Amino acid sequence: QEKVAKEAEEFMVIASNELTWSEDKLNARLMEIKLEIASHDTYNQTKEELEIGARIAWQNVFKCPNRGSWGNLTVWDRRGFDTYEGMSQVVLDHLK
């Protein structure tokens, strides 16, 4: 739990800077995360956190020739689909 909480806090500091969050908003979110980790050994990122995390990751991949477009990345949060049928539909929707 300690490692997860430390990594979550490191990520949230970076993400909150990118998202221009206030210190109060960051601290409130960190408290939510700590409580979730304490009860579940992990936490779920919000859609906003997932999106900024993906953008930051793409921005920092130096070998990618197209990384300059990281700000245009669209993230489709499909974590709620956990069946074969649901995932199949997600893939089909993406291909349209």
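The values are calculated or read from the model by the stated rules, or taken from the named source; none is laboratory data. Since the structure is predicted, the reported quantities are computational estimates derived from the model, not experimental observations. Methodologically, a virtual Cβ is constructed for each residue, glycine included, from the backbone with ideal geometry; neighbour enumeration extends over all protein chains shown. For accessibility, only protein heavy atoms count, side chains too; no ligands or nucleic acids. Shrake-Rupley method; radii C 1.70, N 1.55, O 1.52, S 1.80 Å.
Can you name every residue in the range 1-10 that is open to solvent by 90 Å² or more (accessible area, probe 1.4 Å) and in a helix (DSSP H, G or I)?
Within the range 1-10, Glu2, Lys3, Lys6, Glu7, Glu10 qualify.
Just the residues that are touching a residue at least 12 places away in the same chain (Cβ under 8 Å), under 12 Å from Ala5 (Cβ atoms) and acidic (Asp, Glu), please, taken from the range 23-72.
Asp41
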